[in-house]
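Participant: Here's a structure for you.
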Amino acid sequence: MPSWSSPLRFPGNWGRRSGVALAAFVCLWAGYAAAQPGTAVMAPAKPAWVNVPRIQGHLVAADVGLVINTNDPNSVAVGEYYARQRGIPSEQVLRVTLPVRPTLTAAEFESFNAQVKVAMGPQVQALALAWAQPYAVECNAITAALTVGYQPDLCSQTCATSRPSVLFNHPTVRPYTDLGVRPSMLLAGRTVAQATALIDRGVTADRQLGKRGVAPASVVLLRTTDAARNVRAAWYPPMPAMGQPDPLVPLGAQLRVQDSTAESPERVVLLQTGAVRVDNPAAIDWVPGALADHLTSYGGQLLNTSGQMTALEWLEAGATASYGSVSEPCNHWQKFPHPQVLLLHYVQGATALEAYWRSVAWPAQGVFVGEPLAAPFGR
């Protein structure tokens with residue numbers, strides 16, 4: 001495993017790079033070792049900034065392998081469009097034949113996984129899967145099974161802890177080279193039109209935030225009265241004291257920690273909440289590249305049209321990437337995106353795929369969905 005770069009420190013040592021001020025975040029919980037890759041820690045007793053490593057660079061099209069399911073006409077159309085729009089190298093496009101249904105069996109997955117391993121060379125650091133289904137392998141999410149390995153034992157007790165991810169809070173921009181894993185994301189839409197619109201938002205997002213003369217985008221972290229689903233609120237960062245500057249503003253963002261009933265700010269780049277669903281997410285003023293997710297049991301069952309809101313609904317509303325669990329995870333916060341890790345990696349220029357994968361400590365049951373290369377804070 002490569003050595004870590006020095007952590008960011010806040011609020012001192014402001015630097016300027018391409019017109020962007022780099023803030024540094026001081027670890028305010030006991031023990032920096034708790035933030036190392038593959039580990040998880042107890043929630044703080046009160047709001048505090050957490051420690052993240054300094055990020056340098058991000059994934060680009062030459063690092064991405066694209067997988068298309070030829071059994072699914074939508075997958076073919078979306079995958080070919082993505083390859084053109086992002087310039088994915090043709091030798092890194094794999095066409096497979098998979099069942100077009102929500103869940104693969106373990107045997108079907110192993111055959112698929114073997115094809116990926118054979119086809120993708122060592123230069124491929126991450127994967128984009130151009131479909132909305134299959135999104136699961138038994139009780140595992142397909143993106144997790146493909147990235148960190150299928151975990152069959154979890155299916156006998158889905159509320160149990162799952163294998164920690166080596167990508168959690170890790171700064172590498174060469175995950176396959178450094179760690180032997182390829183983070184993956186579903187490039188999904190219910191229709192071809194929705195998926196191509198998602199791709200267009202991702203492309204439009206690149207390098208648009210954190211520049212001189214561009215107003216900060218809003219980071220909205222919502223508290224709810226749903227005690228079980230509100231567990232991530234313990235990890236929300238502290239709002240600036242009256243009269244004190246928001247440390248995110250020099251990075252191109254501004255923090256809003258508020259009740260879910262409060263009015264949504266303009267130009268939202270990140271929204272997280274704990275709820276079964278969110279009313280009218282399409283009314284939110286999303287910027288291209290926005291991330292959004294909610295902590296609930298079955299948000300990763302992408303084509304579920306009843307009951308809980310899905311991650312796909314965030315994308316349909318205008319977000320560019322999301323996350324949801326495909327089987328009952330209980331409310332372990334480690335199975336969902338950590339608010340600060342997600343935020344602080346993204347504003348440093350990580351892609352949507354990198355920021356989301358680095359933010360989940362136990363990702364086995366969670367599916368990552370969106371446009372992988374969107375990088376609104378990228379340089």
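Participant: Only one residue in Thr105, Thr158 is within 19 Å of Ala364 (Cβ to Cβ), touching a Cys at 6+ places or on another chain (Cβ under 6 Å) and among the hydroxyl-bearing types (Ser, Thr, Tyr), so which one is that? Reasoning before the result, please.
Facilitator: On the way: Thr105 fails: touching a Cys at 6+ places or on another chain (Cβ under 6 Å).
After ruling out the rest, the residue left standing is Thr158.
Participant: For the range 350-379, how many residues meet the condition of being in contact with a Gly (Cβ under 8 Å, 6 or more places away or on another chain) and among the polar types (S, T, N, Q)?
Facilitator: Total meeting the criteria: 2.
Participant: Then there's this: Test of understanding: among Gly366, Gly300, Gly318, which residue is surrounded by fewer than 24 Cβ atoms within 10 Å (Cβ to Cβ), farther than 21 Å from Thr225 by Cα and in contact (Cβ under 8 Å) with a residue 40 or more places away in the chain?
Facilitator: Values: Gly366 fails: surrounded by fewer than 24 Cβ atoms within 10 Å (Cβ to Cβ); Gly300 fails: surrounded by fewer than 24 Cβ atoms within 10 Å (Cβ to Cβ).
Residue meeting the stated conditions: Gly318.
Participant: Here is a further query. Condition test on Trp357, is it free of Cβ contacts under 8 Å to residues at least 60 places away in the same chain and in a helix (DSSP H, G or I)?
Facilitator: It is false that Trp357 is free of Cβ contacts under 8 Å to residues at least 60 places away in the same chain and in a helix (DSSP H, G or I).
Participant: Got at least one residue in the range 211-232 being of a type in the set (Asp, Glu), within 30 Å of Ala364 (Cα to Cα) and out of contact with any strand residue (DSSP E or B) (no Cβ under 8 Å at 6 or more places or on another chain)? First the steps, then the outcome.
Facilitator: In the first step, residues of the range 211-232 are kept if they are of a type in the set (Asp, Glu); the result is 226.
Filter once more, keeping what is within 30 Å of Ala364 (Cα to Cα): 226.
In the following step, the residues that additionally are out of contact with any strand residue (DSSP E or B) (no Cβ under 8 Å at 6 or more places or on another chain) were identified as 226.
Yes, the range 211-232 contains a residue that is of a type in the set (Asp, Glu), within 30 Å of Ala364 (Cα to Cα) and out of contact with any strand residue (DSSP E or B) (no Cβ under 8 Å at 6 or more places or on another chain).
Participant: A further question follows. Which residue out of Gly57, Gly65 is at pLDDT 85 or above, assigned to a loop (DSSP other than H, G, I, E, B) and closer than 15 Å to Leu373 by Cβ?
Facilitator: On the way: Gly65 fails: assigned to a loop (DSSP other than H, G, I, E, B).
Just one listed residue meets the conditions, Gly57.
Participant: Answer with yes or no whether Ala253 is within 19 Å of His294 (Cα to Cα) and either touching a residue at least 40 places away in the same chain (Cβ under 8 Å) or crowded, with 19+ Cβ neighbours inside 10 Å (or both).
Facilitator: For Ala253, the condition - within 19 Å of His294 (Cα to Cα) and either touching a residue at least 40 places away in the same chain (Cβ under 8 Å) or crowded, with 19+ Cβ neighbours inside 10 Å (or both) - is not met.
Participant: Still on this structure, please answer the following. Being crowded, with 17+ Cβ neighbours inside 10 Å, without any contact (Cβ under 8 Å) to a residue 60 or more places away in the chain and touching a helix residue (DSSP H, G or I) at 6+ places or on another chain (Cβ under 8 Å) is the filter here, so list the residues in the range 258-285 that pass it.
Facilitator: Within the range 258-285, Ser264, Gly274, Pro281, Ile284 meet the criteria.
Participant: So, in the range 91-102, exactly how many residues are buried (at least 16 other Cβ atoms within 10 Å of the Cβ), without any contact (Cβ under 8 Å) to a residue 60 or more places away in the chain and either among the hydroxyl-bearing types (Ser, Thr, Tyr) or not in a strand (DSSP E or B) (or both)?
Facilitator: Qualifying residue count for the region: 2.
Participant: Condition first: among the charged types (D, E, K, R) and in contact (Cβ under 8 Å) with a residue 60 or more places away in the chain. Can you find one or more residues in the range 325-334 that meet it?
Facilitator: yes
Participant: So which residues in the range 76-90 are part of a helix (DSSP H, G or I) and touching a strand residue (DSSP E or B) at 6+ places or on another chain (Cβ under 9 Å), if there are any at all?
Facilitator: Passing the criteria: Val76, Val78, Gly79, Glu80, Tyr82, Ala83, Arg86.
Participant: I'd like the full set of residues that are out of contact with any strand residue (DSSP E or B) (no Cβ under 9 Å at 6 or more places or on another chain) and either basic (Lys, Arg) or surrounded by fewer than 23 Cβ atoms within 10 Å (Cβ to Cβ) (or both), limited to the range 163-183.
Facilitator: Result: Arg163, Pro164, Val166, Phe168, Val173, Arg174, Thr177, Asp178, Leu179, Gly180, Val181.
Participant: A follow-up question, please. Quick test for you: out of Val96, Val148, pick the one residue that is among the β-branched types (Val, Ile, Thr) and within 22 Å of the chain's Cα centre (by Cα).
Facilitator: After applying the criteria, what remains is Val148.
Participant: In the range 154-196, what count of residues is obtained for those that are closer than 14 Å to Trp357 by Cα and in a helix (DSSP H, G or I)?
Facilitator: Residues in the range 154-196 being closer than 14 Å to Trp357 by Cα and in a helix (DSSP H, G or I): 3 in total.
The values are calculated or read from the model by the stated rules, or taken from the named source; none is laboratory data. If you're wondering where the values come from, they're calculated on a predicted model, not measured in any experiment. With ideal geometry, Cβ positions are generated from the backbone for all residues, glycine too; neighbour counts draw on all protein chains shown.
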